[in-house]
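Chemist: Dropping a structure here in structure tokens format, bear with me for questions.
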Amino acid sequence: MGFQKDTDSLDEELIKLVKEKDPTNVKELIELIQLERPTFSNQQIRERILKLENQEKITLKKPSTSPSPIFSKYLTSSDARWYWITILLAVITTIAVFVIQENSPPLMYVRNILGAVFVLFLPGYSFIKALFPKKELDNIERIALSIGMSLALVPITGLVLNYTPLGIRVTPITLSLLALTAIFATIAIIREQQSKQ
């Protein structure tokens, strides 16, 4: 009977805190309630919050999925350097493919090296970075997975292009890989910034 009375008073305290303090998430609400009621564990408080949300007695704001002003600051930080290097390499390679001719000896080597990195590494790297935004992988694992994933993504892109009117030609493949790399890199940077909040 005493435990039921304690949980009922905890529920009342939670409802009161949500109305007065307007916490933005469960973690913040738990911190607020533990100042008032340190005898309850995090798990007990979480269960009560979930129960109250299911009964629609309290409603916590859902985090917005749109990039926040903090995101623009994150883009200019040193943590986002990989993103800008990836995008820059992809754009430079695309320009090199269209500007440098295949039979111009000194520059064609630069075009070939950039093209190899563009095809064999960048799409997979941005995809793996989107899958694992945190530091779950060390650099060797990330490089190996990036090459492997590029070797899987590029043929799939070619296969899809084969069934379109564009066909498998240099221009559609280059632009498709640029788009693929940019999309995955953008998803990755958004997920990485969200995981650091």
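Chemist: What tally of residues in region 81-104 results from selecting those that are within 18 Å of Ile190 (Cα to Cα) and of a type in the set (Ser, Thr, Tyr)?
Modeler: Adding up the residues that qualify gives 2.
Chemist: Report yes if some residue within region 124-134 is part of a loop (DSSP other than H, G, I, E, B) and surrounded by 15 or more Cβ atoms within 10 Å (Cβ to Cβ); otherwise report no. Show your work before the answer.
Modeler: Applying the first criterion (part of a loop (DSSP other than H, G, I, E, B)) to region 124-134 yields 132-134.
Next, from what is left, pick out any that are surrounded by 15 or more Cβ atoms within 10 Å (Cβ to Cβ): 132-133.
Scanning region 124-134 turns up at least one residue that is part of a loop (DSSP other than H, G, I, E, B) and surrounded by 15 or more Cβ atoms within 10 Å (Cβ to Cβ).
Chemist: Ok, one more. Counting just the residues of region 142-174 that are out of contact with any helix residue (DSSP H, G or I) (no Cβ under 9 Å at 6 or more places or on another chain) and part of a helix (DSSP H, G or I), which one comes out nearest to Gln193 (Cα to Cα)? Lay out the reasoning, then the answer.
Modeler: Filtering region 142-174 down to residues out of contact with any helix residue (DSSP H, G or I) (no Cβ under 9 Å at 6 or more places or on another chain) leaves 144, 155-156, 159, 162-163, 165.
With the extra rule that they be part of a helix (DSSP H, G or I), the set shrinks to 144, 155-156, 159, 162.
Details: Ala144: 24, Pro155: 30, Ile156: 29, Leu159: 33, Asn162: 36 Å.
Filtering first and then ranking leaves Ala144.
Chemist: Pairs only if they're at least six apart or on different chains, beta carbon under 8 angstrom, first in region 167-180 and free of Cβ contacts under 8 Å to residues at least 12 places away in the same chain, second among the small types (Gly, Ala, Ser) and part of a helix (DSSP H, G or I); list them, first residue then second.
Modeler: Ile168/Gly158
Chemist: Let me ask something else about it. Just one of (1) in contact with a Leu (Cβ under 7 Å, 6 or more places away or on another chain); (2) free of Cβ contacts under 8 Å to residues at least 60 places away in the same chain trips up Pro123, so point out which.
Modeler: (2)
Chemist: Which residue is farthest from the chain's Cα centre (by Cα), if the candidates are limited to region 75-105 and must be exposed (fewer than 13 other Cβ atoms within 10 Å of the Cβ), part of a helix (DSSP H, G or I) and not hydrophobic (A, V, I, L, M, F, W, C)?
Modeler: This residue is Pro105.
Chemist: Can you tell me which residue in region 18-49 is surrounded by the fewest Cβ atoms within 10 Å (Cβ to Cβ), limited to those that are within 18 Å of Asp6 (Cβ to Cβ) and among the hydrophobic types (A, V, I, L, M, F, W, C)?
Modeler: Initially, region 18-49 is screened for residues within 18 Å of Asp6 (Cβ to Cβ), giving 29-30, 32-49.
Filter again for among the hydrophobic types (A, V, I, L, M, F, W, C), leaving 29-30, 32-33, 35, 40, 45, 49.
Details: Leu29: 21, Ile30: 18, Leu32: 18, Ile33: 23, Leu35: 8, Phe40: 19, Ile45: 21, Ile49: 20.
Checked region 18-49; the qualifying residue surrounded by the fewest Cβ atoms within 10 Å (Cβ to Cβ) is Leu35.
Here, each number is a calculation from the coordinates, and none is a lab measurement. Just so we're clear, the structure is a prediction, and the values are computed from it rather than from any experiment. A quick note on method: Cβ atoms are made from the backbone with ideal geometry, for glycine too, and the neighbour counts reach across all protein chains shown.
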